[in-house]
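Rule-based calculations on the coordinates, nothing more; no lab input. Here the structure is a predicted model, which is why all the values come from computation and not from measurement. Using ideal geometry, Cβ is built from the backbone for each residue, glycine included, and neighbour counts are taken over all protein chains shown.
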Amino acid sequence: MKKSSQEQRFDHLVELIYASVEDISQLAPAMQIMCSEIGAAAGHYLHMDVPTREIFSSVISDPAYSAGDAEYRDYYSGVDDRLQWVATGAVGEWRADHQRFDERFVRRSEIYNDFLFKYGVRHQIVSRIGGEAWESEGVSFLRPLGAAKYEEDALQFLAWASGHLIRSSTLRRRLRALNQQQEANEALLQSLPYGTVWVDASGRVASFNQVASEVLSAADGIRVRSQCLHVDDASTDGMLAVALAQATAPAGRRGSWFAVRRQHKAQPLIVSIIPARGGAQAAPLALVILQDMARQRVPRGVVLRKIYRLTPAETRLAEALLENHTVESYAQSAGISRNTVRTHLANLFTKTGTRRQAELLRMLMLSEPQMPGGLQM
């Protein structure tokens, strides 16, 4: 059955709302459709820090009101005496200003007399669509001066749209968190004093940092060929292939390391393969660390903290274990209980993806690996 023009318009509205997850500007045409349904002059989206009144982003439905949006961001958000009411309601609850603010309030309010009335708008209805305790994502609609208050059919329409607006806000928060985590991870990898290469389950190189770029560009011992990592020595190249397969296997993933001889430098490259710690739905990846023994080293504790995101207490235990301490001897020397040490040890297992202390030590040694015994240069 062919959809009516109204159904098609509503379908388009929903598409725009979800498109705003990745492109917040798509809320402008979405709010414009909503304005036509409820008789509003403009729709306004705000994402802000409630305590500081800092506005992270805003969208206005009609470009004719862009100057008003800029004024609110630059000045009026700081003096808006309705802000606590606007930004702290229950998520999904639509509230009209006339339910909270009487004419006496309006007559003495700067936000109404010097701002809203100047742009020819009056009655406002607002809802939070998401946010944490300290922040708020909200959408509001304003009617022209002289227009009636919002009717029941307008409230019903807004209630229907709320579910989509709330879900889009949730998705937007998750996307922001993922992007922030990715940016933090990339910044960390770029700051490390050795090369880092992300490799997928098919063996293809996904990305690498600047140090890895320099090492791979030299093509001395290890290089990228046909978008995959390869070691010049055939037997070691086979070790690399096996290690990558083990690190990206669906179950039983484990890390490993080995040395790669080079033609132009006496010191070898130490190649470490660490399974990625992605979510259940994430594609398997391996983090390949290229450690040039000729480069300046950094303190082992710093490297451990950066690779495994250890706390200071966990780092101290990791370094003690590398110095051949036992749980008991470290507890005594550090003046803490064995139960506390075992808690830190359990955290080390979790963060390094290991289960036994011998396996943990092998992983920790990747931070400053020694040459395997008997290796001939």
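Of note:
- Prolate/oblate/rounded label for segment 31-163 (Cα gyration tensor, a/c 1.5): rounded
- Shape call, segment 23-70: gyration tensor on alpha carbons, a/c limit 1.5: prolate
- Ranked LYS306, LYS2, criterion: other C-beta atoms within 10 Å, fewest first: LYS2, LYS306
- Segments 197-203, 138-144 sorted - mean Cβ within 10 Å per residue, highest first: 138-144, 197-203
- Per-residue ³J(HN,Hα) for segment 254-265, Karplus 6.51 cos²θ - 1.76 cosθ + 1.60, θ = phi - 60°, Hz, x for Gly and Pro: 8, x, 7, 8, 7, 9, 10, 5, 10, 7, 9, 9
- Order of VAL79, VAL21, VAL121 under a 10 Å beta carbon neighbour criterion, fewest first: VAL79, VAL21, VAL121
- Options GLN156, PRO51, VAL126, ranked by Cα towards positive dipole end of the chain, top entry (Cβ charges): PRO51
- Under 20 Å from the Cα of LYS265 - aspartates and glutamates, other chains or at least 8 residues apart: GLU214, ASP220, ASP232, ASP233, ASP237, ASP292, GLU368
- Amide H contacts of VAL91: none lie under 5 Å away among residues 5 or more positions distant or on a separate chain (H built 1.01 Å from N in the peptide plane; Pro and chain starts excluded).
- Counting only Cβ charges, +1 for Lys and Arg and -1 for Asp and Glu, the dipole size of segment 47-96 around its Cα centre is about 140 debye.
- Over segment 193-296, Cα pairs under 8 Å with separation of 6+ residues give a relative contact order of 30 percent.
- Based on Cα contacts under 8 Å between residues 6+ apart, the chain shows a relative contact order of 10 percent.
- Whether segment 120-276 is rounded, prolate or oblate, judged on the alpha carbon gyration tensor where a/c under 1.5 counts as rounded: prolate
- Under 13 Å from the Cα of LYS3 - aspartates and glutamates, other chains or at least 8 residues apart: ASP11
- By the compact-protein rule of thumb, 2.2 N^0.38 Å, the alpha-carbon radius of gyration of the chain corresponds to a ratio of 1.40.
- For segment 60-214, the dipole from Cβ point charges (+1 on Lys and Arg, -1 on Asp and Glu) about the Cα centre works out to 280 debye, to the nearest 20.
- Per-residue 3J(HN,Hα) values for segment 235-248, derived from phi via the Karplus relation 6.51 cos²θ - 1.76 cosθ + 1.60 with θ = phi - 60°, read 5, 6, 4, x, 4, 5, 4, 5, 4, 5, 5, 5, 6, 10 Hz in sequence order (x marks Gly and Pro).
- Rounded to the nearest 20, the size of the Cβ-charge dipole of the chain about its Cα centre is 1400 debye, with Lys and Arg at +1 and Asp and Glu at -1.
- Lysines whose Cα lies under 29 Å from that of LYS118, excluding same-chain neighbours fewer than 8 positions away: LYS149
- Burial ordering of LEU321, LEU310, fewest other beta-carbon atoms within 10 Å first: LEU321, LEU310
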